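J.: One structure, pasted below without further comment.
The values are calculated or read from the model by the stated rules, or taken from the named source; none is laboratory data. Remember, predicted model here, so these are calculated numbers, not experimental data. Cβ atoms come from the backbone with ideal geometry, glycine included; neighbour counts cover every protein chain shown. What goes into the accessible areas is simple: the full protein's heavy atoms, side chains included, and nothing from ligands, DNA or RNA. Shrake-Rupley method; radii C 1.70, N 1.55, O 1.52, S 1.80 Å.
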Amino acid sequence: MGQPLIDLINISKSFDNTMVLDDLNLSVKENTFVTLLGPSGCGKTTTLRIIGGFEHADTGKVIFDGQDISCLPPNKRQLNTVFQKYALFTHMNIEENIAFGLKIKNKPKPYIHDKIKYALKLVNLEGYEKRSVDSLSGGQQQRIAIARAIVNEPRVLLLDEPLGALDLKLRQDMQYELIRLKNELGITFIYVTHDQEEALTMSDTIVVMNQGYIQQTGTPEQIYNEPENAFVADFIGESNIVPGIMIRDELVEIFGARFACVDKGFGNNRPVDVVIRPEDIDLVKPEDGTLCGVCTHLIFKGVHYEMEVTTPDGFEWLVHSTDMCPVGTKVGIHVDPFDIQIMNKPASEDEEAVGVNE
């Protein structure tokens, strides 16, 4: 999907003696949509700012297209940034806002005029040149911020939670707009968010971060279907994460019941964590289930029913199904082997933070 364009090598960064990034390594390929995803304080925005030149790492290098740009200021880097606060100039009209960076570069007027028309067409705001910033909705202002960034023809567009201030419907519309823009422009997008749905919808690659470490890097499908540790499984979507015993290859015991699975290489009789997504649980007749329980909670969510099934051990299984099971019904739990994900248990809190999963 393209050659590596950006390499972060052994990046560490502290603020007030608090480690925010700890020996982080990341490679970003050209013409991809890469999302840095994680909870507040995980280091994703700091990573973006280091790439953009707004922060400098305490240790490590930022390599761009084979060149070390660690000491270059933001305006010397072949990238532009779109922030959550759009930072538009309210005393300028739309045309003047978009032209600002081009005028600084002393581009000729005909060139600037053509670029403004091109950028406004890309963001579906043709004819808005003379409008004031205050006359635009939040979504339109965000489009202008993106237009202002892309007229400079950056090889990389950095986006720091740019949709966070928008309402749900507008945010969803803008997700598709960003995908379209990325495909039309053919440039690399690096996007920061804490919204899992946003990351799954837009990304070619997701980088899940926590406590200054990268927990897992992969496609949306890999991150969702094959989480490498309990943090990723719990953070991306909803999961049932339960303790288990790996009896042997392709056989795991959960709450005394043995489930066939497809995982190998965990050894025999080893404690493990088991991840089962709510939509991967089939509720069957009690005699047909590997585990039995009682439906204790039911909510209609529109596209599916959300249920909780409590088993005799006291665990409440979260289940998503298009088939409704009334509260109080005794049911069996069945899971296909392919839908059971096995992970090593971290040996310590430090190991859990780093995301070790040998």
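J.: Around Gln215, which amide H atoms from residues at least 5 apart in sequence, or from another chain, sit under 5 Å from its own amide H, with H modelled in the peptide plane?
T.: Counting only residues 5 or more places away or on other chains, the set is Val208, Met209, Asn210.
J.: Related question: Assuming 0.692 mPa s and 37 °C, estimate D for region 119-240 with Stokes-Einstein, Rh taken as the Kirkwood radius over Cα pairs, in µm²/s.
T.: 207
J.: With the full set of protein chains in place, find how many percent of the accessible area of region 216-355 is carbon and sulfur; take the probe as 1.4 Å. All intermediate terms of the calculation are to be shown ahead of the outcome.
T.: Numbers: 3490 of 7030 Å².
Heavy-atom surface of region 216-355 belonging to carbon and sulfur, 1.4 Å probe: 50 percent.
J.: How much of Thr217 can a 1.4 Å solvent probe reach, expressed as accessible area in Å² and rounded to 10?
T.: Per-residue accessible area (Thr217): approximately 70 Å².
J.: Here is a further query. Using a/c under 1.5 as the rounded threshold, could you call region 108-162 rounded, prolate or oblate? The axes a ≥ b ≥ c are square roots of the C-alpha gyration tensor eigenvalues, and prolate needs a/b larger than b/c, oblate otherwise. Numbers along the way, then the final one.
T.: Numbers: a/c = 2.16, a/b = 1.06, b/c = 2.04.
Oblate shape, in that a/c is at least 1.5 and b/c is the bigger or equal ratio.
J.: Report the extension gain between Glu96 and Glu226 in nm, rounded to one decimal, defined as 0.36 nm multiplied by the number of residues separating them, less their alpha carbon distance. If you can, show how the numbers build up before the last one.
T.: Working: separation 130, 0.36 × 130 = 46.80 nm, distance 4.75 nm.
Computed gain between Glu96 and Glu226 is 42.0 nm.
J.: If you average the sequence gap of Cα pairs under 8 Å that are 6 or more apart and divide by the length of region 35-83, what percent do you get for the contact order? Before the final figure, lay out the partial values.
T.: On the way: 33 pairs, mean separation 13.8, N = 49.
Here the relative contact order equals 28 percent.
J.: Counting pairs of alpha carbon atoms under 8 Å apart in space and at least six apart in sequence, what relative contact order in percent does the chain give? All intermediate terms of the calculation are to be shown ahead of the outcome.
T.: On the way: 746 pairs, mean separation 53.5, N = 358.
This gives 15 percent for the chain.
J.: Counting only heavy atoms of the protein chains, get the accessible area per residue of region 8-121 (1.4 Å probe) and round it to a whole Å² value.
T.: Values: 6080 Å² over 114 residues.
Per residue, region 8-121 has 53 Å² of solvent-accessible surface.
J.: If you count only protein heavy atoms with a 1.4 Å probe, what accessible area per residue comes out for region 207-248, rounded to a whole Å²?
T.: The answer is 39 Å² per residue.
J.: Taking every Cα atom in region 33-141, find the radius of gyration and the maximum pairwise distance Dmax, and write them in Å.
T.: Just the Cα atoms of region 33-141 yield Rg and Dmax of 16.8, 47 Å.
J.: Order of 200-206, 25-31 by packing, highest average Cβ count within 10 Å first? Intermediate values should be presented prior to the final figure.
T.: Values: 200-206: 20.9, 25-31: 16.0.
The most tightly packed comes first, giving 200-206, 25-31.
J.: Please work out how much accessible surface Glu153 shows to a 1.4 Å probe, ignoring ligands, DNA and RNA, in Å² rounded to 10.
T.: 110
J.: Over region 1-158, what percent of the accessible surface lies on carbon and sulfur atoms, probe 1.4 Å?
T.: On the way: 3870 of 7890 Å².
Carbon and sulfur: 49 percent of the exposed surface of region 1-158.
J.: Can you list the HN-Hα couplings for region 329-339, worked out from phi with the Karplus curve (6.51, -1.76, 1.60; θ = phi - 60°), rounded to whole Hz and with x for Gly and Pro?
T.: 6, 7, 9, x, 10, 10, 9, 5, x, 5, 8
J.: With a ≥ b ≥ c the root eigenvalues of the C-alpha gyration tensor of region 197-312, is it rounded (a/c under 1.5), prolate (a/b larger than b/c) or oblate?
T.: Values: a/c = 2.28, a/b = 1.20, b/c = 1.90.
Oblate, because a/c is 1.5 or more while a/b does not exceed b/c.
J.: Using a cut-off of 14 Å between beta-carbons, work out the net charge of the residues near Cys295 (Lys and Arg +1, Asp and Glu -1, Cys295 not included). Numbers along the way, then the final one.
T.: Details: positive: Lys285, Lys330; negative: Asp282, Glu306, Glu308, Glu316, Asp323.
Residues close to Cys295 contribute a combined charge of -3.
J.: Further, regarding this structure: With only Lys, Arg, Asp and Glu charged, each at its Cβ (+1 for the first two, -1 for the last two), find how big the charge dipole of region 18-120 is about the Cα centre; round to the nearest 20 debye.
T.: Numbers: 13 positive and 10 negative charges, 102 e Å.
The dipole of region 18-120 has a size of about 500 debye.
J.: Considering the dipole of the chain built from charges on the beta carbon (Lys and Arg +1, Asp and Glu -1) around the Cα centre, which of Gly265, Tyr118, Ile206 is farthest to its positive end?
T.: Of the listed residues, the answer is Tyr118.
J.: Using amide H atoms built 1.01 Å from N in the peptide plane, name the residues 5+ places from Lys345, or on other chains, whose amide H lies under 5 Å from its own.
T.: Asp273
J.: Against the globular-protein guess of 2.2 N^0.38 Å, express the Cα radius of gyration of region 152-197 as a ratio, rounded to two decimals. Don't skip to the answer; put the middle values down first.
T.: On the way: Rg = 11.0 Å, N = 46, 2.2 N^0.38 = 9.4 Å.
Normalised by 2.2 N^0.38 Å, the Cα Rg of region 152-197 equals 1.17.
J.: Related question: Just from its helices, what would the mean residue ellipticity at 222 nm be for the chain, if runs of 4 or more DSSP H residues each count -39500 (n - 2.57) and the sum is divided by every residue, rounded to the nearest 500 deg cm²/dmol?
T.: Calculated mean residue ellipticity at 222 nm is -7500 deg cm²/dmol.
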